1. Quick one: order 219, 183, 123 by neighbouring beta-carbon count within 10 Å, fewest to most.
2. How large is log10 I(q)/I(0) at q = 0.08, 0.11, 0.12 Å⁻¹ when the Debye formula is applied to the Cα atoms of the chain, each weighted equally and without solvent?
3. Please report 437, 452, 189 as a ranked list, fewest other C-beta atoms within 10 angstrom at the top and most at the bottom.
4. What percent of all Cα-Cα pairs in region 290-423 falls in each 10 Å bin, counting up from 0?
5. Between the helical axis of 376-386 and the dominant principal axis of the chain, each derived from Cα atoms, what acute angle in degrees is found, rounded to the nearest 10?
6. Could you give the distance between the Cα centres of region 446-514 and region 23-70, to the whole Å?
7. Quick one: of the DSSP bridges fully inside the chain, what percent are antiparallel, nearest 5?
8. Determine, for 269, 240, the number of other Cβ atoms within 10 Å of each Cβ, and report the residues in order from fewest to most.
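Readers should treat all values here as calculations from the given coordinates under stated rules, not as data from a laboratory. Only a predicted model underlies this, so the values are computations on that prediction, with no experimental measurement involved. Here the Cβ positions follow ideal geometry from the backbone for every residue, glycine too, while neighbour counts run over all protein chains shown.
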């Protein structure tokens, strides 16, 4: 029906007879001349209808926003003084000769104007209209470009696009699986995949060598602000490559992506061990745009009488750390109270602070309710260790190591954002040398990544010192967000059995959960590893968007619901009977 997209017309098309189709973005009546801004996915074009063409003029006069129309006309230059330099098509307009209304539209629930703020609930309920907005169209187009660029890159490097099953076997621990009842196998259920992890490992056992997939994954998570029950991964796995080779391939891919689509050279990604990241930044995905670091001061606090600090300082599992915020002395007491409430989210019981007003006056130049408990010598020693200067504020955390690291690590980012302290627009890095395990509250072990991650040591060394053992895992981080996580996998059946045993999984349970993988590892499994990128999060970062819901065509809300289709919904009694399911009312 069309000869051109609206947004593709330029001054070189002047004089051409063309046909456009699209939606009426805006209608204006200027003294007997009607202007229709016609919109399609490529942009806007101004169409002019003169009254000398009575039929088309009358139709144009009857048009309203979001009518779908076909326009035939001639491209001409805009009159002098009417050129719109803010529009790609701002040098031309179309003199409309014929107009066909293909479909009318009710008055939309909101105007598709980029300057109008509309509540997210309204937008999601009418997502098909929201997606017509030029900024949303651009995000979806950009997402398509990113996906295509990734596919092309991986194809050039010998990776095969192979699909893995969506209907999988539910594992006993899969409390967060989405379950799908089987009609033909009464009382049995499939589970939607949280990741293609086991299948991509089996593809390596099968000899495909290099695999990738743009994979849909599902996770029935607790309600969180920026998570989705269904999300998209760029899933990658390769055989006969070590971690350095996998990291090199994927780092080059991301750098190429940013350079081609954003004009940004990310440069070489630095490496940082997990232990260093936690010690300096309180996070395993540190945002290096902000220069502040956590500094341990437990040795200075251990002998003071103030138990709030002295207790954790003497506790082998405790931590006392300080965070210097340059220029932070200007923060009001109200903001400090807000920060205190903020760190409580991470389990902190309070937030001690010292404002540095006049350091040359010694302890008299420090402003804080805690200075008197520290004593002059300790207070000044802390200032010296931190390199504090006039105008700074120092925040303190004293508690279990995990609480202090997470609370001050999060406060570091919040204060950095509030005080606009970012020193660069992009800050990528690799976090490496993760622990294999961490201790659970009941004294057991849990895998820090997943139980198929290979350790950096032998099975004997792993069993002897599981909590000090490191894994061959690596995470790509950008601006404090984990873009992708991966590892070298266990390809030896005995090593895999050892890891499962350390996790407290019996042979019977292991066979029930992962028997097909354990059996496959006995048949010549090659060394292999991989990495999975969160595509939604990557697009969110590249487009400068605050929410992944803005870069997914039809997202769910924070409560895992679809406002548009009203999913999830109830099903009929007949459907339940056919599936042999009986609902039980919660008391």
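1. 183, 219, 123
2. -0.77, -1.17, -1.26
3. Neighbour counts put them in this order, fewest first: 189, 452, 437.
4. 13, 47, 35, 4
5. 50 degrees
6. Here the two parts' Cα centres lie 63 Å apart.
7. 95 percent
8. Listing 269, 240 from fewest to most nearby Cβ atoms yields 240, 269.
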